[in-house]
Amino acid sequence: MNDDRAPRQTTDDAKEHSRPERKCPICGKPATIADDPFCSKRCADVDLNRWLVGLYALPATVDPDDEEPTAD
Ligand SMILES: [Zn+2]
């Protein structure tokens, strides 16, 4: 009985799936239901990679000189 996990968002989601008219955020082609919201698995992979790269890039933006000295 884990059905409580998805509240009313389920209805909205079902609506979207019955009308797949959004565009792929990667290449702009019409998205398919199978790979929603992307047009293909390739674009889904591209997005996933971008996401991962972004995650890994985050720590790199931290300047090591920004660390406060622990001497006090
Ligand atoms: Zn695409």
**Request:** With only Lys, Arg, Asp and Glu charged, each at its Cβ (+1 for the first two, -1 for the last two), find how big the charge dipole of the range 20-59 is about the Cα centre; round to the nearest 20 debye.
**Result:** 120
**Prompt:** Tally Lys and Arg at +1 and Asp and Glu at -1 over the other residues with C-beta under 14 Å from the C-beta of Asn49: what net charge comes out?
**Reply:** +1
**Request:** Label the range 20-59 by shape, choosing from rounded, prolate and oblate, from the square roots a ≥ b ≥ c of the eigenvalues of the Cα gyration tensor; if a/c is under 1.5 it is rounded, and otherwise prolate applies when a/b is larger than b/c, oblate when it is not.
**Result:** prolate
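Throughout, read-outs are computed from the coordinates displayed, never taken from laboratory work. A quick note: this is a predicted structure, and the numbers were derived from the prediction, not measured. Positions of Cβ are backbone-derived with ideal geometry, glycine not excepted, and every protein chain shown enters the neighbour counts.
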